[in-house]
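For reference, the structure discussed in these notes is given below.
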Amino acid sequence: MAAEHTIDALGQFELGPVLGPIGASVGFSQSNLMMVIAAVLILGLLTVGMSAKAVVPGRLQAMAEMLYDFVHNMCIEQIGEEGKKFFPFVFTLFSFILLGNLLGLLPFSFTYTSHIAVTFGLAAIVIVLVTVVALAIHGLHFFSYFFPAGAPIALSPLIVTVEIISYLSRPVSLSIRLFANMVAGHVMFEVFASFIVMMAGAGLVGYLGGVGPLALNVVLMGFELLVACLQAYVFAVLTCIYLHDAVHLH
Amino acid sequence: MEVAAAKALGAGIAVIALAGVGIGIGNIFSSLVSSVARNPSARDQVFGLGILGFALTEAVALFALLIAFLILFT
């Protein structure tokens, strides 16, 4: 194949200034723009949706209530009764990531969760919060978390090392999971879309053959919708599990 | 060996890890199906756990995929 037919799979993640010269001078990129849009959409959904306060909810109100209920149940199931205190945090995290993933699937938009800087920032907030909560509740007793009760004392160097490493690798795996899922999904879109263009270059047979990758991209879009919701859910559930560990220590 | 060829080979080797992930995800869903078949009333609780396990396993696949992308595109 000719060399000029290489697939530029990562070009879609490049940041550029938006909103003309004002945006360029303050470094306001597509990523920031999408974050603002996501925040406005969430706030809009909650304010407009809940303004009716009907006993029998309409569509918007039902959506807002379901979102609220879902995260509320998740907090209480995973953390316990103390979970109510962390509900606002988990709800913010969940809706921000969910909207980021879903908005990124629209054509000509940008997925801010596809940047490791964003996801690692979120994961760092989570891990700092978890550690601070654990220290605030248990004080220095928190460090017993790294050595489970009843384990043989001779094994302590090994167990403590492993536990500390696993504790510190939490933000890394949390952020890479979300970021890699989003990047992998969008790269697959790009690759199959390039196949369509390459096929179209081959004449009439190519036009017919191009239907294959196009159909695959349609299927992939459905799969990516699932992944977008699933990854937001997984991020929120893991946050809840870490908070459970912080509140209850094992 | 040409660098481009070595890159393509390296990316191919990097995704061998997906074999293990395939086994893992198959395991998760086979036990999910059999546990729901044994006790259908536990479906809601077990389903959440299964999806969580799926996501954690899939993450390993994505680490491998990410390395492959890094080799190919940088």
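Does any residue of the range A:1-19 turn out to be assigned to a helix (DSSP H, G or I) and closer than 30 Å to A:Ala246 by Cβ? No, there is no match, as no residue in the range A:1-19 is assigned to a helix (DSSP H, G or I) and closer than 30 Å to A:Ala246 by Cβ. Restricting to the range A:190-206, name every residue that is among the β-branched types (Val, Ile, Thr) and either within 14 Å of another protein chain (Cβ to nearest Cβ) or surrounded by fewer than 18 Cβ atoms within 10 Å (Cβ to Cβ) (or both). Selection gives A:Val191, A:Val197, A:Val205.
Of all positions in the range A:227-241, none carries a residue that is more than 14 Å from chain B (Cβ to nearest Cβ) and buried (at least 17 other Cβ atoms within 10 Å of the Cβ). Of the helices (runs of 4 or more DSSP H) lying entirely inside chain B, those containing at least 1 residues that are in contact with a Ser or Thr (Cβ under 6 Å, 6 or more places away or on another chain) and surrounded by 13 or more Cβ atoms within 10 Å (Cβ to Cβ) span B:18-38, B:43-73. Within the span defined as the range A:48-67, one or more residues are modelled with pLDDT under 85 and of a type in the set (Ser, Thr, Tyr).
Of the residues A:Val211, A:Val172, A:Val160, A:Val187, which is touching a residue at least 24 places away in the same chain (Cβ under 8 Å), loosely packed, with under 15 Cβ neighbours inside 10 Å and not small (Gly, Ala, Ser)? The match here is A:Val172. Looking at the range B:44-60, which of the residues that are within 14 Å of A:Leu230 (Cβ to Cβ) and touching a residue at least 24 places away in the same chain (Cβ under 8 Å) is nearest to the chain's Cα centre (by Cα)? For the range B:44-60, the residue satisfying everything is B:Glu58. Return yes or no: is A:Ile37 within 16 Å of A:Ala236 (Cβ to Cβ), of a type in the set (A, V, I, L, M, F, W, C) and at pLDDT 90 or above? Against the criterion (within 16 Å of A:Ala236 (Cβ to Cβ), of a type in the set (A, V, I, L, M, F, W, C) and at pLDDT 90 or above), A:Ile37 does not qualify. For A:His72, the conditions (1) more than 27 Å from A:His244 (Cα to Cα); (2) surrounded by 15 or more Cβ atoms within 10 Å (Cβ to Cβ) are fulfilled apart from (1). Among the residues of the range A:198-210, those that are assigned to a helix (DSSP H, G or I) and in contact with a helix residue (DSSP H, G or I) (Cβ under 9 Å, 6 or more places away or on another chain) comprise A:Met198, A:Met199, A:Ala200, A:Val205, A:Gly206, A:Tyr207, A:Leu208, A:Gly209. Checking every residue in the range A:169-186 against the condition of being more than 17 Å from the chain's Cα centre (by Cα), more than 13 Å from chain B (Cβ to nearest Cβ) and in a helix (DSSP H, G or I) gives zero matches. Note on the range A:68-95: residues that are under 16 Å from the mean Cα position of the chain (by Cα) and either of a type in the set (A, V, I, L, M) or not in a helix (DSSP H, G or I) (or both) total 3.
The values are calculated or read from the model by the stated rules, or taken from the named source; none is laboratory data. Not measured: the values here are computed from a predicted model. We place every Cβ from the backbone using ideal geometry, glycine too, and count neighbours over all the protein chains shown.
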